[in-house]
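Undergrad: Okay, here's the structure, questions in a sec.
Nothing in this text is a laboratory measurement; each read-out follows from the coordinates by a stated rule. Quick caveat: nothing in here was measured; it's all calculated off a predicted structure.
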Amino acid sequence: RLDAGRFQLSSGINAEYGGRGRKGARGDKGPTNVAGSPGRTGRPGPQGDTGVRAPNGEQGQQGATGDRGKSGATGESGGCDCVLEEPRGCNCDTHVYAVHSQTSRLPSCPDGFKTLWQGYSLLGYASGEITSSQDLGRAGSCVESFDVMSMMSCDGTGVCRHGVGSDKSFWLMNSDKEDVPLKPMSNMDQILPYISRCSVCMGTNKAVVKHAVGREQPRCDNGFKQMLTGYTYLMAMAQKAGLGQNLNSMGSCLRSPQSPVLLECLGRG
């Protein structure tokens, strides 16, 4: 029992719970358009399957020409890397020369050359007023067999004659013969000892002939080696014409000086 300003506790008998009450009436609908609180983040899903590769796209159009770039800086002046090589023969080429002994003995070819053939030294031919000379440095001046007249004269009518009186041949004479033939010779055994022998040589070295104006023997330039030495031969008179040699040919360098230098043979023998 409670009184104003005072209280008193009294113990009574314990009561039992009552039965469940009846369900209440449905409440009024709550307000709308009110956002609820965000839900919790879900767990990651499983990895998807690999997709199909897409086809290649079409080639794009060519782009426009770009602007011209700036000019580069001027480079430094370059040096010359050329090296002057010493002169030497080319071993890719083949050169053929004739050498003459001016004796009855066959001459040997210079070192590095091999002999092609050997024979007799021919200077040239004459027919009438026409003279044809052979370069003693070339193979045509060395014929394998000697003949007083090895050519024929043919005219415009198709007629050829051998041993015409005006036809002549000229041969390089031996220098080891002290007695010069003063009388005509018709015997081959008498003629042959006076004809110089020769050899035709082949090698890879190119010959350069050098002549001295004075009495001293000229020296070979650097890079060259000496093949032979001799005396400068320029020309011999025959048939009112000159049988001359080019000074750049080996034929202009004879092993020994002599006079007369040639032997004249008549076509009639």
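Undergrad: Lysines near LYS177 by alpha-carbon distance under 23 Å, same-chain residues fewer than 8 away left out - which ones?
TA: Hits, sequence-local ones excluded: LYS168.
Undergrad: For the stretch 114-269, what ratio Rg/Rh do Cα atoms give with a Kirkwood hydrodynamic radius?
TA: On the Cα set of the stretch 114-269, Rg over Rh gives 1.00.
Undergrad: Hey, another quick one. Per 10 Å bin, what is the whole-percent P(r) computed from every C-alpha pair distance within the stretch 188-240?
TA: Calculated over all Cα pairs of the stretch 188-240, the distribution is 15, 33, 33, 17, 2 percent.
Undergrad: Let me ask another. Treating cross-link reach as a plain straight distance, find the lysines whose alpha-carbon is under 21 Å from the alpha-carbon of LYS210, omitting any fewer than eight places away in the same chain.
TA: Within the straight-line cut-off, LYS210 pairs with LYS225.
Undergrad: When all alpha-carbon pairs of the stretch 97-152 are counted, what percent fall beyond 18 Å?
TA: 36 percent
Undergrad: Shifting gears a bit: Please list, ordered by chain and number, the residues whose modelled amide H lies under 5 Å from the amide H of GLY244; skip anything fewer than 5 residues away on the same chain.
TA: Residues meeting the amide H criterion: ALA236.
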